[in-house]
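Following this message is one structure expressed as structure tokens.
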Amino acid sequence: MPRKPTQKRSPAPSLSKKELDRRLKEATMLKQIVATSGAPLDPLTVLNVICSELTTVVGVQHAGFARLSEDGRYLTIVSEFGSGEVRNSNDRISLEGNEISLQVMRERRPVSVWDAQNDPRMGPGREVAQRFGVVSMLLVPILAGERVLGTLGLDSYEPRAFSQDEIEIVMAASKAAAPLLENAHLFEQLRNELAERKLAEWELRKSRALYQELVNSLGGIVWEAEFQKDTLVFTFVSRQVERVLGYPVERFLGPREESVWPRVLYPIDFEMVSQRLRNLSVTLETTEIEYRAFDKNGRLHWFQDRVSAMQEANGNVRLRGLIMDVTEHKRAVRLERDRNLALEMIARGTELEDILAATVEMLNAQLPEAACAIQIAKGEQQNCVASHGLPEVIQRFLQTGPIGPFGQNVLEGEVSEAENLDLKENLPPEIRRALLVAGFRHGLTLPIRCKEGILGALSVLGPTPLGPDSRAIQATADLASIAIDRQALIEELEYQATHDALTRLPNRMLYQERLAQAMTRAQEKDRLVGVVYIDLDNFKQVNDTFSHATGDELLRGIARQLTLSVRASDSVARLGGDEFGIILADLPSVEMAERLAQKIGQEVNTSVRIGNRALEVTASIGLAIYPRDGSDPDTLYRHADREMYKAKGQGKISRQE
């Protein structure tokens, strides 16, 4: 039993309006989660959760639900949470003489009590208050339409008043708990009647989609907004936005035009997003929107926002969204595409100046907030320069100045980071002024190596520090090196053109070349060639459920397993996406081809460990035999493809009997 106060206590301080608004949002979210939690939890457990949350949100020591008996003579405690002596569920509280409880149920409105231990209206409830040390309390009715189900009580062990905002929070919880309290009564009586339980679960299942969306929001930014007289007002944004964009949550709340949203969204994308959201307010659909945004430091992010719209009882349209930051994936895809284009230019023998210009454009697409330049020494006092985003005075300086002027020991092969470039004494005053005006305070310099040594430097300038481990920056330096030393790196270029960058396997072009060679040898030696076509089942779900990085790692793992499962004379290739091809060369019989294909199927239909996670993988496999199923590569491809689709989704090998 808690100790009785030995001296007069001062009233507990009232919460600020700002804090109450925040807690009201939390209570609203709690209501939505509770409304969808019925299937895995029984109603009594969910009521306990509500009690626990209310003690925290309102700031009291105890909260409990009581159900009104059918004859209206007493209340039965069914759920509670709080400090102090534990009160037993199913304890009955007589209503005889308890004017407070009777008033609450009769008038169907909340009633607060300042001194529960001495208020004569409490009747027998005074003894309960004295026993448990309750000083102030708030009692609200729980209604199902016009019918009173019971009461929800909040107890404070210190004297305090309850503000109107706090009362509204408790009334919201009472409204959310009404069906749960009613179901709790049914749960006790009809526990063993499966049909009734399934019906209750079905009714609660209707809002489970919201619950699932909230659960999945842990890795992204959750937001809510509603249209109020054609104005979009943001009512909730999760804390993840501070980590991603750098602004406090409060800056994103309120009418959109008065918030930080117009500042962070890419100007062109802002109008597109606005129109899409307005369309949703009419169609009330769920859709995905991709757009760009700048964080507080000026870095560009790509967002994928899954937005749903619903109309509320008051006629307003409420929007809910889950934002995932897909910047790294977008940049990786763009980088790979631009890198391949640059490699094609090198392979075609494009002029060095054009290749370097393409590489700096590639880097600008990855780091739009930065400027960059590639310097290549052409001769005495003359450099070949390709740049993007630099003032003209700095471009002229790079054409005649030293290699890598923003770094140190570049020609010795050192990667150099620098800050406060506008204060760097070895730079001419006009260059320092230009850097200051442009806002370039940080620099990163990488040496450009080639067969003869260090012939140039890549300089990247920006408003914030730039990491030397940036994949895009390193790729730019590498491409410049390849362009300079084209002849010496011809073998590397051929490899890049004939192999998949992700898995390091031969690509479709090399696969076709090797198949033609295997068919020619088989014809000369009267042997067979097996063409195996493999397609991973449900690979898109891996990207959607986990991440594109996990999907990439899975493809690399499958490539390793396939390589280990074949003979040295066979060839494994990635044909594109989640498709792989294998050439089984120099086969003596169809039976051997089928045995090898069966072994490959066993190797690929297994689990692949990605970090701490083991992913179960299934694949559909088709097998074609040369010359039985075709005498040219295209015919064999089509045959293997048809056989693969016969097995699609079953993780089996299909072959012609």
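The values are calculated or read from the model by the stated rules, or taken from the named source; none is laboratory data. Quantities reported herein were computed from a predicted structural model and do not represent experimental measurements. Glycine also receives a Cβ, built like all others from the backbone with ideal geometry; neighbour counts cover every protein chain displayed. Each accessible area value is taken on the protein alone, full model and side chains, heavy atoms only, with ligands, DNA and RNA left out. Shrake-Rupley method; radii C 1.70, N 1.55, O 1.52, S 1.80 Å.
Checking residue 577 against (1) of a type outside the set (S, T, N, Q); (2) open to solvent by 20 Å² or more (accessible area, probe 1.4 Å); (3) touching an Asp or Glu at 6+ places or on another chain (Cβ under 7 Å), only one condition comes out false. Which one?
So residue 577 meets the others, but not (3).
If you don't mind, another one. Tell me which of these residue 524 doesn't satisfy, since it passes every other one: (1) of a type in the set (Asp, Glu); (2) touching a strand residue (DSSP E or B) at 6+ places or on another chain (Cβ under 9 Å); (3) in a helix (DSSP H, G or I).
(2)
Conditions (1) in contact with a helix residue (DSSP H, G or I) (Cβ under 7 Å, 6 or more places away or on another chain); (2) open to solvent by less than 80 Å² (accessible area, probe 1.4 Å); (3) at pLDDT 85 or above, marked per residue:
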position: 609; (1), (2), (3): no, no, no
position: 621; (1), (2), (3): yes, yes, yes
position: 626; (1), (2), (3): yes, yes, yes
position: 651; (1), (2), (3): no, yes, no
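Among the numbered criteria (1) in a helix (DSSP H, G or I); (2) open to solvent by 30 Å² or more (accessible area, probe 1.4 Å); (3) out of contact with any helix residue (DSSP H, G or I) (no Cβ under 8 Å at 6 or more places or on another chain), which one does residue 569 miss?
The single condition residue 569 does not satisfy is (1).
Checking residue 353 against (1) assigned to a helix (DSSP H, G or I); (2) surrounded by 15 or more Cβ atoms within 10 Å (Cβ to Cβ), which single condition isn't satisfied?
All conditions are met except number (2).
Looking only at region 93-120, count how many residues are open to solvent by 60 Å² or more (accessible area, probe 1.4 Å) and more than 20 Å from residue 142 (Cβ to Cβ).
The number of residues fulfilling the criteria is 4.
Starting from residues that are open to solvent by 10 Å² or more (accessible area, probe 1.4 Å) and in a strand (DSSP E or B), keep the ones in region 586-607 and report whichever is farthest from residue 640 (Cα to Cα).
First pass over region 586-607, keeping only residues open to solvent by 10 Å² or more (accessible area, probe 1.4 Å): 586, 588-592, 594-596, 598-599, 602-603, 605-607.
Now narrow it down to the ones that are in a strand (DSSP E or B): 586, 607.
Values: 586: 18, 607: 25 Å.
Restricting to residues being open to solvent by 10 Å² or more (accessible area, probe 1.4 Å) and in a strand (DSSP E or B), the top hit is 607.
Condition first: more than 18 Å from residue 462 (Cα to Cα), without any contact (Cβ under 8 Å) to a residue 24 or more places away in the chain and not small (Gly, Ala, Ser). Now tell me which residues in region 398-449 satisfy that.
Within region 398-449, 399, 400, 402, 409, 425, 426, 429 meet the criteria.
Here's a check for you: in region 429-472, which residue that is of a type in the set (Val, Ile, Thr) and outside any strand (DSSP E or B) is nearest to residue 373 (Cα to Cα)?
Of the residues in region 429-472, the ones of a type in the set (Val, Ile, Thr) are 431, 437, 445, 448, 454, 460, 464.
Going one step further and asking which of them are outside any strand (DSSP E or B), we end up with 431, 437, 464.
Details: 431: 15, 437: 18, 464: 17 Å.
Among them, the one singled out is 431.
Take region 419-429 and flag every residue that is surrounded by fewer than 19 Cβ atoms within 10 Å (Cβ to Cβ) and either modelled with pLDDT of 85 or more or small (Gly, Ala, Ser) (or both).
Hits for region 419-429 are 428, 429.
To keep it simple, each residue is scored yes or no on (1) within 26 Å of residue 299 (Cα to Cα); (2) among the hydrophobic types (A, V, I, L, M, F, W, C); (3) surrounded by fewer than 16 Cβ atoms within 10 Å (Cβ to Cβ).
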site: 371; (1), (2), (3): yes, yes, no
site: 383; (1), (2), (3): no, no, no
site: 396; (1), (2), (3): no, no, yes
site: 431; (1), (2), (3): yes, yes, no
site: 437; (1), (2), (3): yes, yes, yes
site: 445; (1), (2), (3): yes, no, no
site: 449; (1), (2), (3): no, no, no
site: 455; (1), (2), (3): no, yes, no
site: 473; (1), (2), (3): yes, yes, no
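Filter region 506-556 for residues that are out of contact with any helix residue (DSSP H, G or I) (no Cβ under 9 Å at 6 or more places or on another chain), of a type in the set (Ser, Thr, Tyr) and at pLDDT below 90 and give the result.
If the condition is that a residue be out of contact with any helix residue (DSSP H, G or I) (no Cβ under 9 Å at 6 or more places or on another chain), of a type in the set (Ser, Thr, Tyr) and at pLDDT below 90, then 545 is the only one that fits.
Can you tell me which residue within region 117-144, out of those that are in a strand (DSSP E or B) and touching a Phe, Trp or Tyr at 6+ places or on another chain (Cβ under 6 Å), is nearest to residue 171 (Cα to Cα)? Steps first, answer last, please.
Here is the first cut: in region 117-144, the ones in a strand (DSSP E or B) are 136-144.
In the following step, the residues that additionally are touching a Phe, Trp or Tyr at 6+ places or on another chain (Cβ under 6 Å) were identified as 136, 138.
Numbers: 136: 17, 138: 11 Å.
Across region 117-144, the extreme among qualifying residues is 138.
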